[in-house]
Amino acid sequence: MSRSILAFTMVIGSFLLLGCQTNMLKAYQKVTPGMEKDDVLEVMGSPQRTQRFHGKDRWTYVFYEDRVRYEKEVQFFEGNAIYVGEPWQPEVTAAQVDAKNEAENKAIEDDNLKKYQDNPKAYSNYESEVRGTDKVRYVPTFKPVQ
């Protein structure tokens with residue numbers, strides 16, 4: 001008899017807990033710019049990720065609603081929310097930045113190679129000029145000892 005009462009109590013308790021569960025998407029819609037961090041924590045709870053980026057605190061919330069994954073972000077500056085929405089994505093990916101830098105480096109190398117091919121004698125003593133081995137920088141003068 002006591003086992004059935006315990007099982008019944010556990011089932012009722014779990015139903016009560018499920019009934020209190022908040023719809024995260026509806027809760028997120030209550031978050032607005034201008035809210036303080038404490039207010040956002042009260043509405044949404046702790047974020048899954050936090051990051052400091054470009055002087056702003058970024059909180060990311062990940063939740064599921066009807067088998068759809070949502071990832072939302074709140075950005076704070078000086079303790080107040082300034083952005084609420086989709087996670088910020090850079091306009092250009094890292095691979096695109098790398099490709100652009102590689103193209104610029106290749107152009108500089110090609111330009112230097114062309115200059116060298118046009119006038120190879122101008123670069124014949126380049127290394128010694130840079131190191132200063134072609135010049136005498138300091139020669140001490142000595143007075144004869146008597």
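Bear in mind these aren't lab numbers, they're just calculated from the coordinates by the rules spelled out. Please read these numbers as outputs of a predicted model, since none were measured by experiment. Note that we place each Cβ from the backbone using ideal geometry, even for glycine, and neighbour counts take in every protein chain shown.
Observations on the structure shown:
- In this structure, the pairs whose alpha-carbon distance is over 21 Å, taken from Lys100/Lys121; Lys26/Lys72; Lys56/Lys100, are Lys100/Lys121; Lys56/Lys100.
- Environment charge at Ser128 (Cβ cut-off 11 Å; Lys +1, Arg +1, Asp -1, Glu -1): -1
- Straight Cα distances below 17 angstrom link Lys106 to the aspartates and glutamates Asp98, with same-chain residues fewer than 8 positions distant left out.
- Relative contact order of the stretch 44-104, defined on C-alpha pairs under 8 angstrom at six or more residues apart (%): 20 percent
- Gyration tensor analysis over the Cα atoms of the stretch 21-85 returns equivalent ellipsoid semi-axes of 20, 13, 9 Å (largest first, whole Å).
- Note that the stretch 35-46 has calculated 3J(HN,Hα) couplings of 5, 7, 4, 4, 5, 5, 4, 5, 7, 9, x, 6 Hz, one per residue in order, obtained from phi through the Karplus relation 6.51 cos²θ - 1.76 cosθ + 1.60 (θ = phi - 60°); glycine and proline are x.
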